[in-house]
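Here's the structure, in structure tokens; my notes come after.
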Protein chains: 4
Amino acid sequence: MQRIAMLGGGFIGRFYADSLHGQRSRDKVVAIYARREETAKKFADDYGCSFLSTNMEEVIAHPDVNMVCIALPNNLHAAAVELCAKHKKNVVCTKPLGRTADEALRMMQLVEEAGIFGGYLEDLCYTPKFLKAMDSVRNGALGRILWAKSRETHPGPHSNWFWDKEQAGGGCMLDLGCHCVEIARNFIGKDVKPVEVMCWAATQVKPIEAEDHAIALVKYENGAIGQFEVSWTFRGGMDLRDEVMGTEGTIWINSFLRTGFEMFTTGKGADYVAEKAESNTGWLFPVGDEVNDLGYNHMFTDMFVSAEEGRPPAETFYDGYIVNAILDAAYKSASTKQWEPVQLPVWRGREGLTQETTLTEYDADHYLIKQEMTHDGRNKLILKEKATGKIIERDLA
Amino acid sequence: MQRIAMLGGGFIGRFYADSLHGQRSRDKVVAIYARREETAKKFADDYGCSFLSTNMEEVIAHPDVNMVCIALPNNLHAAAVELCAKHKKNVVCTKPLGRTADEALRMMQLVEEAGIFGGYLEDLCYTPKFLKAMDSVRNGALGRILWAKSRETHPGPHSNWFWDKEQAGGGCMLDLGCHCVEIARNFIGKDVKPVEVMCWAATQVKPIEAEDHAIALVKYENGAIGQFEVSWTFRGGMDLRDEVMGTEGTIWINSFLRTGFEMFTTGKGADYVAEKAESNTGWLFPVGDEVNDLGYNHMFTDMFVSAEEGRPPAETFYDGYIVNAILDAAYKSASTKQWEPVQLPVWRGREGLTQETTLTEYDADHYLIKQEMTHDGRNKLILKEKATGKIIERDLA
Amino acid sequence: MQRIAMLGGGFIGRFYADSLHGQRSRDKVVAIYARREETAKKFADDYGCSFLSTNMEEVIAHPDVNMVCIALPNNLHAAAVELCAKHKKNVVCTKPLGRTADEALRMMQLVEEAGIFGGYLEDLCYTPKFLKAMDSVRNGALGRILWAKSRETHPGPHSNWFWDKEQAGGGCMLDLGCHCVEIARNFIGKDVKPVEVMCWAATQVKPIEAEDHAIALVKYENGAIGQFEVSWTFRGGMDLRDEVMGTEGTIWINSFLRTGFEMFTTGKGADYVAEKAESNTGWLFPVGDEVNDLGYNHMFTDMFVSAEEGRPPAETFYDGYIVNAILDAAYKSASTKQWEPVQLPVWRGREGLTQETTLTEYDADHYLIKQEMTHDGRNKLILKEKATGKIIERDLA
Amino acid sequence: MQRIAMLGGGFIGRFYADSLHGQRSRDKVVAIYARREETAKKFADDYGCSFLSTNMEEVIAHPDVNMVCIALPNNLHAAAVELCAKHKKNVVCTKPLGRTADEALRMMQLVEEAGIFGGYLEDLCYTPKFLKAMDSVRNGALGRILWAKSRETHPGPHSNWFWDKEQAGGGCMLDLGCHCVEIARNFIGKDVKPVEVMCWAATQVKPIEAEDHAIALVKYENGAIGQFEVSWTFRGGMDLRDEVMGTEGTIWINSFLRTGFEMFTTGKGADYVAEKAESNTGWLFPVGDEVNDLGYNHMFTDMFVSAEEGRPPAETFYDGYIVNAILDAAYKSASTKQWEPVQLPVWRGREGLTQETTLTEYDADHYLIKQEMTHDGRNKLILKEKATGKIIERDLA
């Protein structure tokens, strides 16, 4: 059983607590830290915490606590991790791990040196659809992965600190891109090195300093491409989609706006519909079970079972650091307008990969380029002559 | 904490156990009964049960057990409930409750007389989408419910006993229709009396005695219509859809084949895709999290929390009995080709409802029939003159 | 080239004219009849007709006209056909052909005796998706057809006469059911005799005499079932869907609300979205090309090419009469609450069909009921012993 | 009436002819040129052409011909246009116009100097969905356009010349990217100058010289971003999707794989399903009416009506040249790894645009960043203090 201290009583802290106390859970949020006493009190009331404080260290150090869950603004993660290391408390930290790779690497080292458990709360790498997709990718159902795109766009975050570059460390790219980067990295293979990033980012709509729209390509050592599209300017709800192309298949995941629930209402009786929905009349597309469908349940299960079994979870502080390093390169690229190398002072995966070649032998003299049925009924081959490199057509009977 | 005895180690028993032991559950399947020792042993191994037996009463009576979960063929439900009543063990029973309303009513009475907890495992009334839809319906987002249709079709069940009318008590109508009937009844209102049923059923394809395809309309006292479409002859996977029409809105739920996960594969590496999928190449549509998306998690949570708090769950043996009574009328109707009354010796809801009238006043002299924008740009009214009953058109400027 | 007289300048007449003059058409609406001169004038202006009149016979008899298109309220179809027969003008008539089978049969006989061309404008049997589906069905891709359902529901028609039982001859069942009946009949086979109908119909919402919601099952001689669901009480736009089940496959067609075009708008600049849309903000689902997607283009092409080549079109007055006969039985059934026979004084299809049996031989001693991969990895057979009728399970290695 | 000479009797020439002779068309393909006599003969037979030749000039110069339709490999477009100019024949040319902007510009100048009609056959800017989307964008339903993405991927083209860089002039980027570039340019505004391009391109799978996968961002002068994703390595059919984000709305178009037609078949009777489908069993997603849904009908209507009325069509040779210029920059960028400027020696749109600012006044002291309902029921404002730039939260009652 995990006895959890929640650091932060805002939107994401409450979402986490809903998951942690959901269904027939054996775990319990026992303590809450918030910067404002009022927030801490409300949270303690709502979730039945026996201890509350506006002093973070007190909460972390509390003897009832054996797991700390960081749900604070980005600029406070490092300090919280430091205290967990000091008090030897296992810790799980919300995304992004740091504001920069430097910060994230320091957090990783603190945890590793302290010998405590460190889990990176990348919920979108734990959604049921993502997990099922990863199974298929691991089974080879898609062949060699060529491209993995993740998109997260919505009309902007819920709390004021996100909009303040100082506290947040960035705009939508840090806030949402961290999800997308790690999703693509999983599909392509976590042991494949990300080498360089090309990024466009701009402040197109909102009256803020940070970017509210960004798109980037991340090149991996084996030639695969990760792509992200993130924005705080999207209209119509929260758009959460992943797409993967492999030599043998395709995966399309829609995690939020089109999941098999469709409702039209003239507006009577309408209430909270879903995270970041923009309307409560007309056609609406709520998800059934936000905490499960957004991955929180499977994430905490993996975190706590891993902690109890003394093994690393699927998403660690190391992963959080890699994500930050990729985003650092993206920010740099958005400003230099160059492909920027991903700086990885620590790298634990494979090195020296090259792009696999995929030549399909047709016969002794030809490679197969393509075979297809045409709409006028031909069974057509397109072949490449090995000797000459010439491309020819041939019809099968 | 619930210490559960599972009766039945087949397909559904294993599915239940997957849910019961899922995530960070505090509950445990401690004992297993199966008719064949081999099945019981495999189950005990796989799920870590400390007690196994081919003697049902032994399992039910085992002192470690405080909750019995019936996952047996339909013809064995009543005997199992009898033993639970005898040993005063709380019990939850898979669907359908009985093979007939008589049988179900007897089971309900046994439970009520014994003062034990009786939960009806109607999982499809606990899917996350269904629960969210019910919230909207209760909030009035759909206005008055006019029609609720539920459809469950697939290529046929997994175990041989389903195909044997003796053990199963019926064909696809009993097997699948029980879900659909209770879904529609929830949307229309559980306190609204089902009055009569018109049903078509036939054995169109399979070499069996029972029906493999059936469609029925269930008329409720307030004029609302429940509809079900069930079949064991469907090709393409498992089709699970609900549709609801109300005076103010519409709900469409797709619980299985189109839920936002789409995969194409040429077939390499393909494995088990989903319950009742028919193929593992081409375009496939697995759900992310079968035990959650099919309602098992929310169902057991409601059952066990209710049992612990001493209140009835959302789905009780009484509900199971009502469902059986509606299906009895459906079977009778399929044979008499008449609308058949639903026989309800016990009825605990409202009586004497009539259809609500919905007249929308336009002005002192007219009712509004319709207002709309036409494709040639008119803002058009269709009105009914109160005095004459005449229908007229009028254009707004 | 067809020189067309349009009878009726309302909603459907204009829709027809949009199709007739669409793209690079060689045909032309040359004359217009409307009951009100103002309507005729506007139509003539908008579509460039050289002749207009409020005298129907004058328009039909006009020497420039070689094809009459009836786009009038239901109660005026028969009189218009009579005039076409008298003046030996080819005629195409909107749906439903008559208000009853008697009326429709008389119209059919008038046309046949006059030796003129008679086309039944059942546009939904000409939508591109329907035509492609029919090709697949004819090719055998679905095997033997078991069930064909068609659904058309929306918030009610555009013109006042629809709401008046006298002029319309019925409610939503006659207005919309005629489409659905003919769609199902096509899928099941036009030469298969419809034998009886079970129908529920009610006036659930609107302040009218006729039904605003109806559901029916149509049984065909070979055991196949046609189903329709029609309503004027649906909220959310126009729901046009067909579903077909066969022994070898499934078809799902969505012709209107979900066709691959999705738009969200806060409402600026919104205008006419689509036929029977109910909103112009939030998520909207217009079709791309209404006249093509609703079948008008392919319908008129078939009609005029058939007329020019002297052969019957795919949808004839005979088909219109069969549809009316089925709807007559449906109306009767809604009132008697019995399965009512379809009265067909004229029948030109096959007689004496019985249900095909589909026994799949597994080996000398067994029929195959089902083979499947289960989620615990078994390759399982369900077989029926020929000798005993017993159902058994067997696992393949 | 147009009397058309078709140059090229391959896949695209036949597709064009199917559209040109479709429905009740008044136009006619009267002459065919093909490089191989056998191809010309088959085409002439199939489409009823009265003249055929393997001499291109003969066909263009033929007195019956008043419109030339170029459906040839990319390397032959310029020569064909030259002959049209010489013989003063109106001409429409398939996409891409040239292999480079230089070539395309020369073609544009030839046409303009000869005073003949020049239409650019960019069919995907004529699909019914695209046209409807453009209406909404022009009406302002999406507000200011921020981003427009177009994606076309499939398993590779039908004819051998596409795979030969010499004849094709490029790989999937030239073949498919030309569509995507022009789609995005339409949404963003044709008078808005494309300024620079960032592109990734690679040969990931196929044994060819040219790229088989490419992704690019096109920056427009007003800050809007066009994006394309193109590939010949996609598995699962032909993926044709557009997405547009504006300050007031969103558009998602699916033109091929998910358009409301879904079929499952075990495989009996299956035949040609759709352009570039990869399978004919399992779940299949054909479109209803390829020639209409891919834009051919509306395209030729616009072309011929424009030619007859003496005005430019929606897509001209000038547009084709702009598209080539953007693709030239994309190819250069893929090689230099820099944002490359779009070289436009001729530009006829607006100059000097800057990004519009979108500050929403909340009250005298604040700008509005966001207003939303949270899942715990708050109606929350996020505001920016004008004086300090500070971001604050405020709850509305």
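Restricting the search to region A:280-329, which residues are under 14 Å from the mean Cα position of the chain (by Cα), of a type in the set (D, E, K, R) and within 12 Å of another protein chain (Cβ to nearest Cβ)? Correct list: A:ASP293 only.
Filtered by the rule that a residue be at pLDDT below 90 and facing chain A (nearest Cβ under 7 Å), region D:357-368 gives D:THR358, D:LEU359.
For region D:12-31, which positions are farther than 12 Å from D:LEU72 by Cβ and not in a loop (DSSP other than H, G, I, E, B)? Scanning region D:12-31 gives D:ARG14, D:PHE15, D:ALA17, D:ASP18, D:SER19, D:LEU20, D:SER25, D:LYS28, D:VAL29, D:VAL30, D:ALA31. Cβ-Cβ contacts under 6 Å between residues 6 or more apart (or on different chains), taken from a first residue in region B:297-320 that is open to solvent by 10 Å² or more (accessible area, probe 1.4 Å) to a second residue that is in a loop (DSSP other than H, G, I, E, B) and hydroxyl-bearing (Ser, Thr, Tyr), are listed as B:HIS298/B:TYR126. Taking the criterion of being over 20 Å from B:ASP123 (Cα atoms) and touching a helix residue (DSSP H, G or I) at 6+ places or on another chain (Cβ under 9 Å), the residues of region B:171-206 that qualify are B:VAL192, B:PRO194, B:GLU196, B:VAL197, B:MET198, B:CYS199, B:TRP200, B:ALA201, B:ALA202, B:LYS206. Taking the listed residues B:ARG241, B:ARG235, the one that is part of a loop (DSSP other than H, G, I, E, B) and under 19 Å from C:GLY246 (Cβ atoms) is B:ARG235, with no other qualifying.
For the structure I just gave you, tell me whether D:GLN355 is in contact with a Gly (Cβ under 7 Å, 6 or more places away or on another chain), on the phi < 0 side of the Ramachandran plot and in contact (Cβ under 8 Å) with a residue 60 or more places away in the chain. Taking the combined requirement at face value, the residue satisfies it. Within region A:3-22, the set of residues being at the interface with chain B (Cβ under 9 Å from one of its Cβ atoms) and touching a Ser or Thr at 6+ places or on another chain (Cβ under 9 Å) comprises just one member, A:GLY22. Applying the set (1) free of Cβ contacts under 8 Å to residues at least 60 places away in the same chain; (2) aliphatic (A, V, I, L, M); (3) in contact with a Pro (Cβ under 7 Å, 6 or more places away or on another chain) to D:LEU381 leaves exactly one unmet item: (3).
Of all residues in region A:206-224, which are open to solvent by less than 10 Å² (accessible area, probe 1.4 Å) and more than 20 Å from A:LEU240 (Cβ to Cβ)? Full working, then the answer.
If we filter region A:206-224 for residues that are open to solvent by less than 10 Å² (accessible area, probe 1.4 Å), which is where we start, we get A:210, A:212-216, A:218, A:220, A:224.
Once the filter is applied, which keeps residues that are open to solvent by less than 10 Å² (accessible area, probe 1.4 Å) and more than 20 Å from A:LEU240 (Cβ to Cβ), region A:206-224 yields A:ALA210, A:TYR220, A:ALA224.
Look at region D:233-249: where a residue is facing another protein chain (nearest Cβ under 7 Å) and a partner is among the hydroxyl-bearing types (Ser, Thr, Tyr) and in a loop (DSSP other than H, G, I, E, B), sitting 6+ places away or on another chain with Cβ atoms under 8 Å, you get D:THR233/A:THR247; D:ARG235/A:THR247; D:ARG235/B:THR266; D:MET245/A:THR233; D:THR247/A:THR233; D:THR247/D:THR358; D:GLU248/C:THR266; D:GLY249/C:THR266. Among the residues making up region D:57-85, those that are part of a helix (DSSP H, G or I), surrounded by fewer than 21 Cβ atoms within 10 Å (Cβ to Cβ) and over 26 Å from the mean Cα position of the chain (by Cα) are D:GLU57, D:GLU58, D:ALA61.
Checked against (1) without any contact (Cβ under 8 Å) to a residue 40 or more places away in the chain; (2) open to solvent by 40 Å² or more (accessible area, probe 1.4 Å); (3) facing another protein chain (nearest Cβ under 7 Å), B:THR336 passes all but condition (3).
Hey, among the residues in region A:360-380 that are aliphatic (A, V, I, L, M) and closer than 30 Å to D:PHE15 by Cα, which one's least open to solvent (accessible area, probe 1.4 Å)? Full working, then the answer.
Step one: list which residues in region A:360-380 are aliphatic (A, V, I, L, M), which gives A:364, A:368-369, A:373.
Then drop every residue that is not closer than 30 Å to D:PHE15 by Cα, which leaves A:368-369, A:373.
On the way: A:LEU368: 45, A:ILE369: 7, A:MET373: 95 Å².
Among residues in region A:360-380 that are aliphatic (A, V, I, L, M) and closer than 30 Å to D:PHE15 by Cα, the one least open to solvent (accessible area, probe 1.4 Å) is A:ILE369.
Just one of (1) over 29 Å from B:ASP212 (Cβ atoms); (2) touching a helix residue (DSSP H, G or I) at 6+ places or on another chain (Cβ under 9 Å); (3) modelled with pLDDT under 95 fails for B:PRO157. It is (1).
Yes/no matrix, rows are residues, columns are (1) more than 14 Å from chain B (Cβ to nearest Cβ); (2) more than 30 Å from B:PRO128 (Cα to Cα):
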site: A:VAL111; (1), (2): yes, yes
site: A:ALA114; (1), (2): yes, yes
site: A:CYS125; (1), (2): no, no
site: A:ALA168; (1), (2): yes, yes
site: A:HIS179; (1), (2): yes, no
site: A:ALA184; (1), (2): yes, no
site: A:ALA216; (1), (2): yes, yes
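Taking the criterion of being in contact with a helix residue (DSSP H, G or I) (Cβ under 7 Å, 6 or more places away or on another chain) and assigned to a loop (DSSP other than H, G, I, E, B), the residues of region C:207-217 that qualify are C:ILE208, C:GLU209, C:ALA210, C:GLU211, C:ASP212. Close contacts from region D:173-187, counting a first residue that is closer than 14 Å to D:THR94 by Cα and a second that is modelled with pLDDT under 95 and open to solvent by less than 10 Å² (accessible area, probe 1.4 Å), with Cβ to Cβ under 7 Å and a gap of 6+ residues or different chains, come to D:LEU174/D:ALA168; D:ASP175/D:PRO157; D:ASP175/D:ALA168. Contact map, region A:85-112: first residue over 23 Å from A:ASP64 (Cα atoms), second residue surrounded by 21 or more Cβ atoms within 10 Å (Cβ to Cβ) and polar (S, T, N, Q), Cβ cut-off under 7 Å, separation 6 or more or different chains; pairs are A:PRO96/A:ASN74; A:PRO96/A:ASN324; A:LEU97/A:ASN324; A:GLY98/A:ASN324; A:ARG99/A:ASN74; A:THR100/A:ASN324; A:ALA101/A:ASN324; A:ALA104/A:ASN324.
The listed residues are C:SER255, C:SER279, and the only one of them that is open to solvent by 10 Å² or more (accessible area, probe 1.4 Å), at pLDDT below 95 and of a type in the set (S, T, N, Q) turns out to be C:SER279.
Out of all the residues in region D:340-350, is one or more at the interface with another protein chain (Cβ under 7 Å from one of its Cβ atoms) and within 23 Å of D:THR247 (Cβ to Cβ)?
The first filter runs over region D:340-350 and keeps only residues at the interface with another protein chain (Cβ under 7 Å from one of its Cβ atoms), leaving none.
No.
Can we say C:SER19 is in contact (Cβ under 8 Å) with a residue 12 or more places away in the chain, hydroxyl-bearing (Ser, Thr, Tyr) and open to solvent by 20 Å² or more (accessible area, probe 1.4 Å)? In short, no. Yes or no: A:ILE12 open to solvent by 20 Å² or more (accessible area, probe 1.4 Å) and of a type in the set (A, V, I, L, M, F, W, C)? When the stated conditions are applied, A:ILE12 passes them.
A single member of C:LYS88, C:LYS42 is in a helix (DSSP H, G or I) and open to solvent by 50 Å² or more (accessible area, probe 1.4 Å), and it is C:LYS42.
Confirm whether D:VAL346 is among the aliphatic types (A, V, I, L, M), in contact (Cβ under 8 Å) with a residue 24 or more places away in the chain and touching a Leu at 6+ places or on another chain (Cβ under 8 Å).
Values: among the aliphatic types (A, V, I, L, M): yes; in contact (Cβ under 8 Å) with a residue 24 or more places away in the chain: yes; touching a Leu at 6+ places or on another chain (Cβ under 8 Å): yes.
Against the criterion (among the aliphatic types (A, V, I, L, M), in contact (Cβ under 8 Å) with a residue 24 or more places away in the chain and touching a Leu at 6+ places or on another chain (Cβ under 8 Å)), D:VAL346 qualifies.
In region D:381-397, the qualifying residues are those that are closer than 18 Å to D:ALA364 by Cβ and hydrophobic (A, V, I, L, M, F, W, C), and the one that is most open to solvent (accessible area, probe 1.4 Å) is D:ALA387.
Of the residues making up region B:23-45, those that are more than 14 Å from chain A (Cβ to nearest Cβ) and of a type in the set (S, T, N, Q) number 1.
The values are calculated or read from the model by the stated rules, or taken from the named source; none is laboratory data. All values reported here derive from a predicted model rather than from experimental measurement. In this analysis, Cβ positions are derived from the backbone assuming ideal geometry, glycine residues included, and neighbour counts consider all displayed protein chains. Calculation scope for accessible area: heavy atoms of the full protein, side chains included, ligands and nucleic acids excluded. Shrake-Rupley method; radii C 1.70, N 1.55, O 1.52, S 1.80 Å.
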